[in-house]
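Data first, discussion second: the structure below is written as structure tokens.
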Amino acid sequence: MFAEGLPLERPGFALLVALVLASGLGWFALRPSSLPAELTLPRAAPAAESSAPVTGDQEVTVHAAGAVTTPGVYRMPGGSRVSDLLSAAGGATSDADLDQLNLAAPLADGERILVPRRGETATMSSGSNAIPGASTKVDLNTATAEELDKLPGVGPATAEAIIRHRETRGRFRSVTELLEVRGIGEAKLEQLRPLVKV
């Protein structure tokens, strides 16, 4: 009797094993794919490398006039000096009086640099721009409103503020005290520094 029932139990056991294997394979085939986190997250594109070095200097446009070989308007690299402009303009002529200029003065955008001839006096240019590097500096303690108004970046209101500061607080002891005047910041102070004195 035991021998007769054995063949019947084997197909059932085999069927059970087949079902277990089939369900296991089905679960394996249908399970959600779990890709590594780095493959499922969006990747940022690599930053493009800059081929040119970054520089903070901007070009300035200045007018070389007077006793220079080739007067005209020149575009100069930021940080250039009066001496650099003279070189770009072909140098000073033989009758130039360079002692009246501060050749180390920095150039500012929109300025007119007038190189005086011997016997001439370097004076302020007409309009709002002055001649940087001129040895005749404006004295902050004695200048009139009209003289101050001719300095670059100083209009009538700032000129009056300088005089009002002088009258209420006394004489300027240093050029840096201009920072206490309403309307004058660090940038304007650096523009005025080579043009004024106390």
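The values are calculated or read from the model by the stated rules, or taken from the named source; none is laboratory data. Predicted, not measured: the structure shown is a model, and the values here were computed from it. Every residue, glycine as well, gets a Cβ built from its backbone with ideal geometry; the counts of neighbours run over all protein chains shown. The protein model used for the area step is the full one, side chains on, heavy atoms only, and it has no ligands, DNA or RNA in it. Shrake-Rupley method; radii C 1.70, N 1.55, O 1.52, S 1.80 Å.
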Problem set entry | Subset of the stretch 66-82 [surrounded by fewer than 17 Cβ atoms within 10 Å (Cβ to Cβ), over 17 Å from residue 191 (Cβ atoms) and small (Gly, Ala, Ser)] | 72
Problem set entry | Every residue from the stretch 32-62 that is at pLDDT 55 or above, under 23 Å from the mean Cα position of the chain (by Cα) and open to solvent by 60 Å² or more (accessible area, probe 1.4 Å) | 57, 58, 59
For this session: Mind listing whichever residues of the stretch 65-120 are closer than 22 Å to residue 193 by Cα, in a strand (DSSP E or B) and β-branched (Val, Ile, Thr)?
Result: 113, 115
For this session: Could you figure out which of (1) open to solvent by 90 Å² or more (accessible area, probe 1.4 Å); (2) within 22 Å of the chain's Cα centre (by Cα) isn't true of residue 171?
Result: (2)
For this session: Among the residues of the stretch 145-171, write down those that are over 26 Å from residue 113 (Cβ atoms) and not acidic (Asp, Glu).
Result: 157, 161, 163, 164, 165, 166, 168, 169, 170, 171
Seminar exercise, completed: Going through the stretch 80-95 in order, the residues found to be among the small types (Gly, Ala, Ser) and either modelled with pLDDT under 90 or touching a Leu at 6+ places or on another chain (Cβ under 7 Å) (or both) are 80, 83, 92
